[in-house]
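Comments concern the structure below.
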Amino acid sequence: MLTKRLIPCLDVKDGRVVKGVQFVDLRDAGDPVELAAFYDEQSADELVFLDISASHEGRKTMVDVVREVAGTLAIPFTVGGGINSVDDMRVILRAGADKVSLNTAAVLRPALIREGANFFGSQCIVVAIDAKWDEGLSSWRVYTHGGRKPTEWEVTDWVKEAVGQGAGEILLTSMDQDGAKTGFDIALTRAVNSVVTVPVIASGGAGKREDFADVFLQADADAALAASVFHYKETSVAEVKETLREKGVNVR
Amino acid sequence: MIGIVDYGMGNLHSVSKALERLNVPYVLSGDREELAKCAGLILPGVGAFADAMKILNERRLTPWLKRWVADEKPLLGICLGMQLLFEESEEHGHTAGLSLLPGQAVRFRGKTRAGRRYKVPHMGWNKLNYTQPEHPLVRDTERGHVYFVHSYVVEATTSEVVIATAEYDGDVPAIVGRNHVFGTQFHPEKSSHLGMQLLRNYVTYVQERQASDQ
């Protein structure tokens with residue numbers, strides 16, 4: 001049986017992990033390679049690296065990071081942030097990433113998803129979506145530019161469009177829950193999961209172990225992504241998996 | 001020496017890195033003369049079956065690989081590379097494969113017999129069940145999970161070629177093989193410790209075979 005996946009997310013700026021793991025005895029808590037190996041040992045199922053570099057040089061450094069991580073890591077990893085063209089995708093995938101994630105660039109030009117899927121296969125193309133509840137819409141609205149800009153898209157419409165264009169997976173972040181640590185957005189995850197046949201990764205809101213069980217059991221998410229809850233040792237990947245097993249969720 | 005067949009389709013980097021971690025010498029090449037010097041080959045592959053066969057045909061690698069196998073040399077296909085070993089795929093109509101193993105690749109139906117929808121691609125970690133536990137490819141390995149990403153599934157004509165399966169709307173052939181032609185539907189190079197053990201087993205098989213030939 002296919003297992004539910006746990007995915008720690010690492011923010012990388014100019015080649016260094018920011019908000020890095022604070023608790024383990026690492027020689028260098030800002031080293032993406034060392035952190036990646038640490039999470040692999042913890043039985044993380046995949047990793048996501050989000051490049052938050054603002055500069056061209058910073059993004060070039062990211063390519064070196066990807067190459068180095070790919071040389072040591074024996075689990076899949078996705079790279080997102082600042083990917084705006086097929087060329088950007090090619091550079092990151094050639095460096096050894098398994099998937100790229102597109103966000104703002106895909107909303108601005110949905111055909112980019114199609115182009116990426118045609119060149120590299122749908123399995124490489126993750127579409128990341130930031131969504132926030134909107135009273136006027138009576139649903140969730142899609143935002144771009146790191147959650148700063150509202151778009152015209154209602155979330156299930158955008159998800160259907162993205163998958164129609166060839167997205168192989170959806171990384172769904174709830175802006176309402178992000179940082180709140182009160183659990184994943186079950187209703188949002190359910191709404192998106194019900195309109196697509198590709199895997200959905202729930203993100204935003206993880207605060208304790210049980211939150212992961214809830215999003216798997218109540219929204220049937222395929223994977224759950226979290227950052228600070230793992231980095232700051234509020235819980236660990238291994239502990240979350242133990243709780244999931246107790247609650248009957250199938251994990252590796 | 002292991003030869004990784006470079007024909008422009010696939011995550012060659014991660015396969016070569018995995019061999020480096022195992023301290024196994026390899027060449028990465030699409031050149032038949034270069035590859036001919038190797039003791040065993042790995043055929044990786046990500047993407048569409050029809051595109052992959054088109055390139056293999058254009059570069060005359062199709063007859064060359066058939067000859068390689070006829071000469072009783074080891075070959076391991078990974079992911080799409082495994083599906084290419086079979087007779088055909090229903091992707092984009094029908095496309096002929098390398099026909100080294102009996103069977104075909106068909107798309108996951110996306111719905112169980114009972115009518116329940118399920119996700120396609122089959123993406124993530126799934127547990128291996130060994131149907132031939134004594135096979136050299138799986139011998140002395142822990143039973144565990146490996147990483148899959150695929151939308152097409154092989155229907156082998158005979159269960160004799162199935163070495164391990166994973167459960168996803170039925171038994172999905174996960175490791176296949178006959179004589180010295182093998183395939184893994186999952187990505188051993190992305191499957192943590194167990195994946196590395198399985199790759200190591202293939203390399204050992206190649207090396208032992210080479211030693212007994214000399």
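What follows is calculated from the coordinates using simple rules that are stated; it is not laboratory data. Note that this is a predicted model, so its numbers are computed, not measured. Note that each Cβ is placed from the backbone with ideal geometry, even for glycine, and that neighbours are counted across all protein chains shown.
List the chymotrypsin sites (Phe, Trp or Tyr not before Pro) within segment A:1-108 that DSSP assigns to loop and that have no more than 10 neighbouring Cβ atoms inside 10 Å.
Qualifying residues, ordered by number: none.
What's the angle, to the nearest 10 degrees (0 to 90), between helix B:61-70's Cα axis and the longest principal axis of chain B?
Here the helix axis deviates by roughly 80 degrees.
Along each principal axis of its Cα atoms, how long is segment A:5-246 end to end? Whole angstroms, biggest number first, please.
49, 43, 28
Counting other C-beta atoms within 10 Å, and keeping those with at most 12, which DSSP coil trypsin sites (Lys or Arg not before Pro) do you find in segment A:99-159?
A:Arg148
Between segment A:224-252 and segment B:154-214, what's the alpha-carbon centroid distance in Å?
Segment A:224-252 and segment B:154-214 have Cα centres separated by 31 Å.
Report the equivalent ellipsoid semi-axes for the protein assembly as shown in whole Å, largest first, defined as the square roots of five times the eigenvalues of the gyration tensor built from alpha carbon atoms. Intermediate results must be reported in sequence, preceding the final value.
Numbers: eigenvalues 265, 109, 98 Å².
Taking √(5λ) for each eigenvalue gives 36, 23, 22 Å, largest first.
Loop-only GluC sites (Glu not before Pro) in segment B:32-90, please: DSSP not H, G, I, E or B, and at most 12 other Cβ atoms within 10 Å.
Filter output for segment B:32-90: B:Glu72.
Between segment A:61-135 and segment B:1-35, what is the separation of their alpha carbon centroids in Å?
Answer, in whole Å: 24.
If the cut-off is 30 Å between C-alpha atoms, which lysines fall inside it for B:Lys37, apart from same-chain ones fewer than 8 positions away?
The reachable lysines, counting only those whose Cα sits under 30 Å from B:Lys37, are B:Lys17, B:Lys54, B:Lys66, B:Lys73, B:Lys190.
For chain B, take the longest principal axis of its alpha carbons; what is the angle in degrees between that and the long axis of helix B:49-58, to the nearest 10 within 0 to 90?
Approximately 30 degrees, to the nearest 10.
Kindly rank A:179-190, A:53-64, A:4-15, B:179-190 from highest to lowest mean number of other beta carbons found within 10 Å of each residue.
Details: A:179-190: 19.3, A:53-64: 15.5, A:4-15: 22.2, B:179-190: 25.0.
Answer by packing, highest mean first, reads B:179-190, A:4-15, A:179-190, A:53-64.
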